[in-house]
């Protein structure tokens, strides 16, 4: 009636044929997500510790750096790492550059998550540690942080999903993640509907799975802290 015909058999055959190729892009997407998230939680913890330092000479620069990272677009940071650093002799592979940009961007947000979790611990915990003559490093690593982590799992999980959904930005520096692969398939076959729809469905499934895992972790981890042996 409208001049549009949907050939189910041929479309299913096309979807089946490109599925293995999309899976390769999915692997790159997952690798960038995991590496970027790992960088973010490590740098975020460092920033949170520096921002909470009593010495203003340490806390103020850390806060400035955190605000600068949060207030500048991810794409600008990605271009800076990919195009500017080589001018100073620092050349990184596109994938590593992209993962580093993701981790750097989200470390500023995650540092605030850490800060909120740390501040939720009663002050009496720190005072008790001082009474026991524990060093600040041991107090933070053994008493405060294990109690803070279970409280921030939902927020960390949300940022993990956000990082995964931001991975397609890496296509601008020629990282062959899943969406970029789908676009290339569309460019070569002039059929964008099927590959892009498949990517959307895969992202939906991944997001739902991540939500289930995060919910399980949030329910299973003891709110009083992770026991250290």
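Quick notes on this structure:
- Hey, residue 46 under 18 Å from residue 97 (Cβ atoms) and at pLDDT 90 or above or not: no
- Filter pass, residue 137 being exposed (fewer than 13 other Cβ atoms within 10 Å of the Cβ) and touching a helix residue (DSSP H, G or I) at 6+ places or on another chain (Cβ under 8 Å): no
- Criterion applied to 91, 84 was being over 21 Å from residue 44 (Cβ atoms) and not in a helix (DSSP H, G or I), and the one residue passing it is 91.
- In the stretch 188-218, the residues that are free of Cβ contacts under 8 Å to residues at least 60 places away in the same chain and within 18 Å of residue 13 (Cα to Cα): 188, 190, 192, 193, 196, 197, 201
- Restricting the stretch 49-79 to residues that are touching a helix residue (DSSP H, G or I) at 6+ places or on another chain (Cβ under 7 Å) and farther than 30 Å from residue 137 by Cα, the residue that is surrounded by the fewest Cβ atoms within 10 Å (Cβ to Cβ) is 75.
- Any chance residue 164 is touching a residue at least 40 places away in the same chain (Cβ under 8 Å), surrounded by 13 or more Cβ atoms within 10 Å (Cβ to Cβ) and closer than 26 Å to residue 39 by Cα: yes
- Matching residues in the stretch 80-92 - criterion: being free of Cβ contacts under 8 Å to residues at least 24 places away in the same chain and in contact with a helix residue (DSSP H, G or I) (Cβ under 9 Å, 6 or more places away or on another chain): 80, 81, 83, 85, 90, 91, 92
- For residue 154: the one exception among (1) closer than 30 Å to residue 204 by Cβ; (2) touching a residue at least 40 places away in the same chain (Cβ under 8 Å); (3) crowded, with 19+ Cβ neighbours inside 10 Å: (3)
The values are calculated or read from the model by the stated rules, or taken from the named source; none is laboratory data. Keep in mind that this is a model prediction, so the values were computed, not measured. Cβ atoms come from the backbone with ideal geometry, glycine included; neighbour counts cover every protein chain shown.
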